[in-house]
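Engineer: This is the structure I have questions about; it appears just below.
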Amino acid sequence: MQRGEIKLIPNSLYTILTEHQHQTYSEIQEVYDYDETLDEYFEFLVENELGFWTDTPEFFPPLDMTWQTYSSINNAIIDIDAASTHDFKAIFAQLEELGCDHIQLRYYTDVSKDTLEHHLESTKRSRFKSIELVVKYGNLLDIPAAEALVVSNARIHKLVLHGAPESDIRPVMKPGTDFSLGQMILLTYEITSADHCGVIDPFYFSIDTKTMTESHQFNTCLNKKIGIDAQGEIKNCPSLTESFGNIAQVSLHQAMLQKDFKKLWEINKNQVEICKDCEFRHICTDCRAFIQNPENVYSKPSKCNYDPYTASWSNP
Ligand code: SF4
């Protein structure tokens, strides 16, 4: 978790680490009739620093699996197209009141650096921890202008430039230093609506303790999320269809109080069909907007090409 890496292990090693977790190595060897594969398993754990030998296992209690947050809303997505009339200052003030840490702004049509600076103006004195921008490459915003935006806004930790002339992932450095201020992702394809969301791919896996512990109880995409679509409709996520009012008439807090606003928050991967058998379920993001069977809210994300029963990606 601390290194953000995954290592695949055989099911038999998983059994040893769980069913025999309180036994000594000699006791386990006895159970498996001194099979030399056991030595290979434990060498693998030590070599990869996933374990070490100790005579005092009581000093190492199990990982605390509690997941907690102080905020009513942890992250927000705001979609913007050419017809959007969002009052960004008012929206950001409401998000701050809800304790929101992370915001993502997704622009589907051309936007200039000056307009982006204007939209982000009120975040400069906010308590948001991070801002992610998804913006369109074009005449109004080229790569140097996008980089300058990251340099002048300390809260931007990631900027995705879609419709760019090349594909790349690169750090944005503080001028004259080797200090990275954020990440720029260049995509050659265009993102034109919320329908582009929901892709499941190892690139999006979140290998960290926070996601892993949250995934045991909650949905790793929709829990504590709020979305405002390009028309101002307040939703759990802009890609979902159910609206809880328009931001022009209803506050985010009022929308959240409605009965069904949180109904998807507790659908976790242990309940989702097929995902519940997948080895990636506690680092994978989820999506309830695009699912294989729209009549079954527990069906697998439709934009996942992984088959956990054959351990293969059909279209990597
Ligand atoms: S099967 Fe489910 S848990 Fe596994 S990678 Fe696909 S969406 Fe994620």
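The values are calculated or read from the model by the stated rules, or taken from the named source; none is laboratory data. Only a predicted model underlies this, so the values are computations on that prediction, with no experimental measurement involved. Reconstructed Cβ throughout: ideal geometry from the backbone, glycine too, with neighbour counts over all protein chains shown. With ligands, DNA and RNA removed, areas are computed over all heavy atoms of the protein, side chains included. Shrake-Rupley method; radii C 1.70, N 1.55, O 1.52, S 1.80 Å.
Engineer: Exactly one of (1) charged (D, E, K, R); (2) within 10 Å of the ligand (Cβ to nearest atom); (3) part of a loop (DSSP other than H, G, I, E, B); (4) free of Cβ contacts under 8 Å to residues at least 60 places away in the same chain is unmet by K276. Its number?
Structural biologist: (3)
Engineer: Continuing with the same structure: How many residues are part of a loop (DSSP other than H, G, I, E, B), in contact (Cβ under 8 Å) with a residue 60 or more places away in the chain and among the aromatic types (F, W, Y) if we restrict to region 286-316?
Structural biologist: Total meeting the criteria: 1.
Engineer: Report whether or not V46 is of a type in the set (A, V, I, L, M) and touching a Phe, Trp or Tyr at 6+ places or on another chain (Cβ under 9 Å).
Structural biologist: yes
Engineer: Return the total of residues in region 118-137 being within 13 Å of A93 (Cα to Cα) and either of a type in the set (D, E, K, R) or not assigned by TED's automatic domain parsing to the domain that holds L181 (or both).
Structural biologist: Number satisfying all stated conditions: 4.
Engineer: Can you spot a residue in region 45-68 that is surrounded by 15 or more Cβ atoms within 10 Å (Cβ to Cβ) and of a type in the set (D, E)?
Structural biologist: No, because not a single residue in region 45-68 is surrounded by 15 or more Cβ atoms within 10 Å (Cβ to Cβ) and of a type in the set (D, E).
Engineer: Consider region 245-262. How many of its residues are among the basic types (K, R) and surrounded by 14 or more Cβ atoms within 10 Å (Cβ to Cβ)?
Structural biologist: 1
Engineer: Let me ask another. Which one of these is assigned to a loop (DSSP other than H, G, I, E, B), near the ligand (Cβ under 9 Å from one of its atoms) and within 27 Å of D81 (Cβ to Cβ): I283, I200?
Structural biologist: I200
Engineer: Going through region 81-135 one residue at a time, which ones are in contact with a Ser or Thr (Cβ under 8 Å, 6 or more places away or on another chain), open to solvent by 30 Å² or more (accessible area, probe 1.4 Å) and in contact (Cβ under 8 Å) with a residue 60 or more places away in the chain?
Structural biologist: Hits for region 81-135 are D81, Q94.
Engineer: Still on this structure: Scan (1) more than 16 Å from the ligand (Cβ to nearest atom); (2) open to solvent by 20 Å² or more (accessible area, probe 1.4 Å); (3) of a type in the set (V, I, T) for the single condition I234 breaks and write down its number.
Structural biologist: (2)
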